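Since the structure comes first, as structure tokens, the remarks are kept for the end.
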Amino acid sequence: MKILSKILMIISEIKKITKGIILEDEPMSQHTSYGIGGKVLAYIRPYDRSDLIRIIKLINKHKAKLYFVGSGSNLLVNDKNISSFVITPAKALKSLNIDKNIIIAESGVMLGKIVKKAVTHRLTGLETLVGVPGTLGGALIMNAGAFGSEISNYLVSVDVISSSGIIKTLYPNDINFNYRYSSFKSTEFILSATFKLNTSSEKDIRSKKLIASKGRINSQPLKFRSAGSVFKNPHSKLAAGFLIDKAGLKGTRCGNAEISEHHANFFINHGSAKAADIASLIRLSRKTIYEKFGIMLELEIKTIGFNKSELYPYAN
């Protein structure tokens, strides 16, 4: 009862200080590309940067659990109710400005919009990311990339806010970027980022964009709900999808979830899949690949609300 009273008090205080949207007891299935996920205490979309800072300070003052998410395009959330608050910049922090070859964008801007604007201004470097879903913030956290290009290649700086409400600017030397990895702290919220691109001919840029777009359409099961690639590739010359395919797992189903016949590293929701179904396929893939090839696959998708035993086959 004391816990419930505290939650209601926090939500009441948030409502007093924000102009944003607060969805109480909100199912995350409404906010993930999988269409999967249990209820959280509140799903919060701040009105602007100042709003965001006030909300973060308040939640952390009460030491409540807090997750930062983007558009939910690479996210698997447990079906169980989750005692935490969720904040998203999607549809809130959406400022985007281009000055010559410099792009400054807030974290809630969709990556696709940034790519489109860059192409319009004849700026090259990001066009191979066409079709990659999600917000800029999410793209930076996972160091989104495709066809040999990564978003971190063009980064000049990033503004983040700490759990105590302090804003600081990070530069590439302050951040460790690797394949589908960045060293941003889970307690830091990305506010905005600055990129420096090169100029090129419209013909060359659109050609690269078209190749990337066709490659994605031909290789990915875009007609079904998914969260993109489930696992990271073990290294640049060995794809996780190749290993899953070689292990004979393509088409394997659990409930209404399936390891795609089209691309073995995509686990798709045929309509009513549960988080437990996807988790079961994750465990099976990890176990089979480890036993056949001696490789323990690491997740590329982000997860909320799971313990280790639900996602690893050999966890204690």
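The values are calculated or read from the model by the stated rules, or taken from the named source; none is laboratory data. From a predicted model like this one, the values you see are computed outputs, not experimental measurements. FYI the Cβ positions are ideal-geometry reconstructions off the backbone, even for glycines, and counts take in every protein chain you see. Surface areas here come from the heavy atoms of the whole protein model, side chains and all, with no ligands, DNA or RNA. Shrake-Rupley method; radii C 1.70, N 1.55, O 1.52, S 1.80 Å.
Once the chain from H121 to N218 is taken as fully extended at 0.36 nm per residue, the excess over their C-alpha distance is 32.2 nm. Under 18 Å Cα to Cα from K6, which aspartates and glutamates show up? Leave out anything in the same chain fewer than 8 places away. Reachable aspartates and glutamates: E24, D25, E26. Working from Cα pairs under 8 Å separated by at least six residues, relative contact order for the chain is 16 percent. The label-point distance for S200 and E261, in a model that sets each label 7 Å from Cα toward Cβ, rounds to 3.7 nm. Note on the stretch 165-279: Lys pairs 8 or more places apart or on different chains, Cα atoms under 23 Å apart, count 21. Length gained on full extension, S272 to Y47: 77.7 nm, using 0.36 nm per residue less the C-alpha separation. For the pair L238 and S207, a Förster radius of 22 Å applied to the C-beta separation gives a FRET efficiency near 0.15, rounded to the nearest 0.05. Taking every alpha-carbon pair under 8 Å whose residues sit at least 6 apart, the stretch 202-316 reaches a relative contact order of 25 percent.
Based on the Kirkwood approach, the hydrodynamic radius assigned to the chain is 20.5 Å, with every pair of different Cα atoms included.
The share of C-alpha pairs in the stretch 165-250 whose separation exceeds 16 Å stands at 74 percent. Using a probe radius of 1.4 angstrom, the carbon and sulfur fraction of the accessible surface of the stretch 196-291 is 49%.
Across the options A118, N307, Y171, the greatest Cα extent toward the positive end of the charge dipole of the chain (unit charges at beta carbon of Lys, Arg, Asp, Glu) belongs to A118. Give me the percent relative contact order of the stretch 87-218, please, defined on Cα pairs under 8 angstrom at least 6 residues apart. Normalised by residue count, the contact order of the stretch 87-218 is 29 percent.
Placing a pseudo-label 7 Å from each Cα along the Cα-to-Cβ vector at K246 and R225 gives an inter-label distance of 3.3 nm. Accessible surface computed residue by residue for the stretch 1-100, with neighbouring protein chains in place and a 1.4 Å probe, gives 51 Å² per residue. Dipole magnitude for the stretch 17-151: computed about the Cα centre from +1 point charges on Lys and Arg Cβ and -1 point charges on Asp and Glu Cβ, it is near 340 debye.
Subtracting the Cα-Cα distance of K113 and S164 from 0.36 nm times their residue separation leaves 15.3 nm of extension gain.
Taking 25 °C and 0.890 mPa s as conditions, the stretch 45-167 diffuses translationally at an estimated 157 µm²/s according to Stokes-Einstein applied to its Kirkwood radius (Cα pairs). Can you give the FRET efficiency to the nearest 0.05 for R253 and E291, using r as the Cβ-Cβ distance and R₀ = 22 Å? Once the sixth-power term is evaluated, E becomes 0.60.
Put a plus charge on the Cβ of each Lys and Arg, a minus charge on the Cβ of each Asp and Glu, and nothing anywhere else: the dipole of the chain about its Cα centre is then about 220 debye.
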